[in-house]
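What follows is a set of notes on a single structure, which appears directly below.
The values are calculated or read from the model by the stated rules, or taken from the named source; none is laboratory data. In this text the structure is predicted, and so the values were computed from the model without any measurement. Glycine also receives a Cβ, built like all others from the backbone with ideal geometry; neighbour counts cover every protein chain displayed. With ligands, DNA and RNA removed, areas are computed over all heavy atoms of the protein, side chains included. Shrake-Rupley method; radii C 1.70, N 1.55, O 1.52, S 1.80 Å.
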Amino acid sequence: MGLQDSQKKRLLYLLWLLEGIIVGFGAILPGVSGGTLCVAFGMYRPIVDTLSHLKSGIQRHGWMLLTFFLGVLAGFIALSGLAAWMLEHSAALVTCVFIGFILGTFPELWQEAGAQGRSGRSIWALCLGFAAMALLLGLLKTASSVVIPAKAPGFFLCGLLWGLSFIVPGLSSSSLLLFFGLYQPMLAGIASFNFSVLLPMGAGMALCVLLLSKGIARIYRTHYAAASHAILGIVAATAMMILPEWNGAAWSLLAGLAAICFGGALSYGLSRLCRKIKTNP
């Protein structure tokens, strides 16, 4: 392998690690879906394919996913304290940056969704995905909270919801955990590396992902265009529904727009760079 190829490979690993850190950190934030960010960075299909066909998936995507999930772990655990601090001081701006991350990858997602053609059925799937996720997130915003004790069964539920949010893009596990009163105890447990929190969470997440991944992979194999466009609609609805409420001040509107533009430019640049490195000789 020549020097150029080795440099390209190192750069790809660095980008995958960075994308994983962004996904792990973003998944902690209420309203931001880890699954949506996986879709945005092109990791959703490789993850689902690998979980549903382990041997062939590891052969095709093993090093990429290992690097990516090391980044997710770093962002999820090492940065949980930073997430708590940022949410306390500037939650709206942080959310706007992640909205930008989602929007910045839309050109790549649109191109990938139409890789096998685009028909009226695909557009209907996009609209249905958008409407279903917008309705679900709207209902969650208006529902009353249900408090679940912060014990092992509750943290197992945290893991199930985390797994669900990675398999179902657009579904924010953090928002659901706020609804159940488990978000702050879970965040404190992760930040302090408390195994009584981490172990039941890990078990719940693994169970959920393993049970659902084969079904998702089968849907992609048999209905690629419709499934891809439905996911795109879900991602679009998520970006719209997590927009922070505007307090009426001009400076806050400008700051939010700047944060969205920053996140969009960063994610667009990352996705373009990854594609260029993979495809160029």
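Can you tell me the FRET efficiency between Glu245 and Ile77 if r is taken as the Cβ-Cβ distance and R0 is 35 Å, rounded to the nearest 0.05?
That pair, Glu245 with Ile77, gives E of 0.70.
With semi-axes defined as the square roots of five times the eigenvalues of the C-alpha gyration tensor, the equivalent ellipsoid of region 67-136 measures 32, 17, 11 Å, largest first.
Note on the chain: with neighbouring protein chains present and a 1.4 Å probe, carbon and sulfur make up 72 percent of its accessible heavy-atom surface.
The mean accessible area for residues of the chain, using a 1.4 Å probe and ignoring ligands and nucleic acids, is 49 Å² per residue.
Overall, the anisotropy analysis places the chain in the rounded class: the square-rooted eigenvalues a ≥ b ≥ c of its C-alpha gyration tensor yield a/c less than 1.5.
Pairs of Lys residues in the chain, spaced 8 or more positions apart or belonging to different chains, with C-alpha separations under 15 angstrom: 5 in total.
Taking each DSSP H run with n ≥ 4 as -39500 (n - 2.57) and averaging over every residue of the chain yields -27000 deg cm²/dmol at 222 nm.
Under the simplified labelling scheme, the Gln111-Gln184 pair shows an inter-label distance of 4.5 nm, with each label point 7 Å from Cα along Cα→Cβ. Gain on full extension, evaluated as 0.36 nm per residue between Tyr224 and Leu253 minus their Cα-Cα distance, stands at 6.6 nm.
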